[in-house]
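Working notes, structure below.
Derivation of every value follows stated rules applied to the coordinates shown; laboratory data play no part. Fair warning: this is a prediction, and the values are worked out from it, not measured in the lab. Here the Cβ is made from the backbone with ideal geometry for all residues, glycine too, and neighbour counts use every protein chain on show.
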């Protein structure tokens with residue numbers, strides 16, 4: 001069963017996943033960042049600073065498409081899409097909620113807490129740290145509502161985070 005790694009932006013999720021992948025674990029990349037890159041390249045408007053409703057729909061579609069069969073670590077999960085929909089005030093979320101019910105992750109979800117010391121914005125992550133805090137709060141609430149137990153990653157170097165993940169989930173996720 002896949003394990004979701006969630007949290008606010010800029011909290012080290014992707015860095016952790018890259019290291020897990022380098023060590024031989026099966027990992028699924030974040031679809032939101034891929035969509036942003038594609039939309040920017042094609043001069044599209046389905047972006048968090050453009051047509052946010054279409055961006056949310058694309059996030060849901062891609063999250064479902066990339067949902068892995070079997071063991072894998074996922075850079076965010078389908079409940080993150082529901083969290084984003086709430087952040088932008090999207091009222092029609094029935095399809096996202098249904099996807100959250102249908103596509104389940106392991107009962108324990110890894111959560112990267114907000115971490116000001118490593119936070120930075122870039123061309124795809126335009127939120128400030130206050131928005132990162134709000135995102136963390138909303139997304140963790142959504143995961144709890146969906147019935148997941150949250151396991152907070154320590155604010156430490158990536159090697160120690162990997163040890164934490166291996167301690168809690170074992171080596172059964174290596175390819």
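Some observations on this one:
- Between 0 and 90°, nearest 10: helix 52-65 axis offset from the chain longest Cα axis: 40 degrees
- A Stokes-Einstein calculation at 25 °C with viscosity 0.890 mPa s, built on the Kirkwood radius of the chain over Cα pairs, returns a diffusion coefficient of 151 µm²/s.
- Ranking of 130, 80 by count of other Cβ atoms within 10 Å, fewest first: 130, 80
- Per-residue ellipticity at 222 nm from helix content only, as computed over the chain with -39500 (n - 2.57) for each DSSP H run of at least four residues, stands at -14500 deg cm²/dmol.
- Rounded tilt (10° steps) of 158-169 against the dominant C-alpha axis of the chain: 80 degrees
- Likely footprinting exposure, 96, 35, fewest C-beta neighbours within 10 Å first: 35, 96
- Cα-based helix-to-principal-axis angle, 129-145 vs the chain, degrees rounded to 10: 70 degrees
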